[in-house]
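Below is one structure, written out as structure tokens; comments come after it.
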Number of protein chains: 2
Amino acid sequence: MEKSEAAATIEMGETSREKKGKAPLLAAVDHSRGVAGYKRGVAIFDLILRISAVAAALAATITMGTTEQTLPFFTQFFQFRASYDDLPTFTFFVIAMAIVSGYLILSVPFSIAGIARPAAIGLRLLLIICDTLIVGLATSAGGASAAIVYLAHNGNSDANWLAICQQFTDFCQSTSGAVVASFITVVLLIFLVLLSAIALRKH
Amino acid sequence: MEKSEAAATIEMGETSREKKGKAPLLAAVDHSRGVAGYKRGVAIFDLILRISAVAAALAATITMGTTEQTLPFFTQFFQFRASYDDLPTFTFFVIAMAIVSGYLILSVPFSIAGIARPAAIGLRLLLIICDTLIVGLATSAGGASAAIVYLAHNGNSDANWLAICQQFTDFCQSTSGAVVASFITVVLLIFLVLLSAIALRKH
């Protein structure tokens with residue numbers, strides 16, 4: 001009776017020693033699994049943000065690119081007509097936002113590859129570098145167009161530039177909408193960069 | 001003789017086993033030392049870039065903030081005078097670039113702390129998040145002012161906005177200089193973000 005008890009104690013002792021030996025290993029496996037799951041979650045969120053950014057960038061490009069207004073009255077020699085390519089800044093806006101849209105569409109497969117292989121650090125680094133450059137392009141286009149839209153709405157008495165929005169109301173409304181869409185794209189892109197930075201940390 | 005040889009062999013065997021046991025540990029120490037040195041190099045480069053960015057941002061702010069030109073001729077009622085605050089976009093530029101300069105000056109101590117403790121990941125993550133937001137602010141200020149400077153140089157016949165640079169040459173030159181300085185700041189800030197991203201990877 002006493003002997004078997006002693007045996008049981010030894011067995012228990014061994015089991016606890018086994019546990020002690022295995023515990024760090026198991027914890028490491030759990031930890032790496034947790035990190036992989038976390039990284040996968042970040043990658044899925046990256047894809048969702050990226051698709052939203054594609055939508056916003058396309059909306060900005062198309063809204064600005066199709067902006068045109070012809071006033072209903074005209075003289076014998078002249079018809080009043082406003083189009084986005086009358087202002088070089090808006091032409092730059094359309095080109096820049098088209099580049100941003102194209103880049104974002106091309107980056108979606110890379111984002112999906114990031115979901116399939118959450119540990120691929122090179123891929124994430126490539127995305128963060130390109131995203132940062134694209135943030136610069138989108139922000140400068142948005143900022144420049146915002147300055148011109150402000151001028152079109154309010155004019156400037158010191159420089160003797162008159163507001164043109166009294167006549168071209170529809171033109172001003174759609175260019176303002178395009179600028180707002182570009183700023184939404186910029187905010188989404190900044191979130192993408194921050195998300196990638198946070199994902200890189202947990203390596 | 002043979003006995004001592006055998007002993008020597010056993011000793012050698014032990015030494016080699018010892019080496020085998022220690023080798024990974026030593027390699028790990030070497031590796032972590034290499035990573036720390038690499039990170040310290042990145043942190044020093046970060047500080048240099050940051051100080052250059054401070055100089056560029058301050059140059060942009062001061063150039064734009066002190067821009068003022070009074071034309072040498074005047075009428076009885078009116079003196080022709082151009083200052084940066086005649087145009088709201090330039091006022092925004094001065095405020096935004098002042099914020100950027102202030103942030104960059106305040107971030108220098110954090111960058112120095114990054115040299116002292118190259119492994120501090122939280123610090124680097126804080127810097128990359130703030131840097132990305134500041135990139136957005138600096139780029140939008142630079143882009144908006146570039147659009148207005150372009151308009152001041154070339155005017156726009158469709159909107160009936162006349163070029164004002166024929167009269168205010170000095171005003172236009174210094175605002176153009178400020179815009180160029182702001183774009184240099186933006187490029188340096190983008191490099192800072194990319195550098196932090198690369199430093200985060202090697203964790």
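The values are calculated or read from the model by the stated rules, or taken from the named source; none is laboratory data. What you are looking at is a predicted structure, and each value in this text was computed from that prediction instead of being measured. In this analysis, Cβ positions are derived from the backbone assuming ideal geometry, glycine residues included, and neighbour counts consider all displayed protein chains. Just the protein is used for accessible areas: all its heavy atoms, side chains included, with ligands, DNA and RNA removed. Shrake-Rupley method; radii C 1.70, N 1.55, O 1.52, S 1.80 Å.
Observations
- Karplus-derived 3J(HN,Hα), 6.51/-1.76/1.60, for each residue of the range B:35-50, Hz, glycine and proline x: 4, 5, x, 4, 5, 5, x, 4, 5, 5, 4, 4, 5, 4, 4, 5
- Relative contact order %, the range A:38-180, counting alpha carbon pairs below 8 Å whose residues are six or more apart: 32
- Measuring between their Cα centroids, the range B:90-156 and the range A:101-129 lie 26 Å from each other.
- Loop-resident chymotrypsin sites (Phe, Trp or Tyr not before Pro) (DSSP state other than H, G, I, E or B) in the range B:39-127 with no more than 10 further Cβ atoms inside 10 Å of their Cβ: B:Phe77, B:Phe78.
- With a 10 Å cut-off around each Cβ of A:133-141, the average count of Cβ atoms from other chains is 6.
- Couplings 3J(HN,Hα) for the range B:84-89, derived from phi with the Karplus relation 6.51 cos²θ - 1.76 cosθ + 1.60 (θ = phi - 60°), are 4, 7, 6, 10, x, 4 Hz, where x marks Gly and Pro.
- Solvent-accessible area buried by pairing B with A, both sides, nearest 100 square angstrom, 1.4 angstrom probe: 3100
- The range B:117-131 - phi-based ³J(HN,Hα) in whole Hz, Karplus 6.51/-1.76/1.60, Gly and Pro as x: 10, x, 8, 6, 6, x, 4, 5, 5, 4, 5, 5, 5, 5, 4
- Solvent-accessible surface of the range B:52-203, taken per residue with a 1.4 Å probe and all protein chains present: 44 Å².
- Share of carbon and sulfur in the accessible heavy-atom surface of the range B:91-203 [1.4 Å probe, %]: 72
- Base-10 log of normalised Debye intensity for the range A:117-203 (one unit scatterer per alpha-carbon) at q = 0.20 Å⁻¹: -0.88
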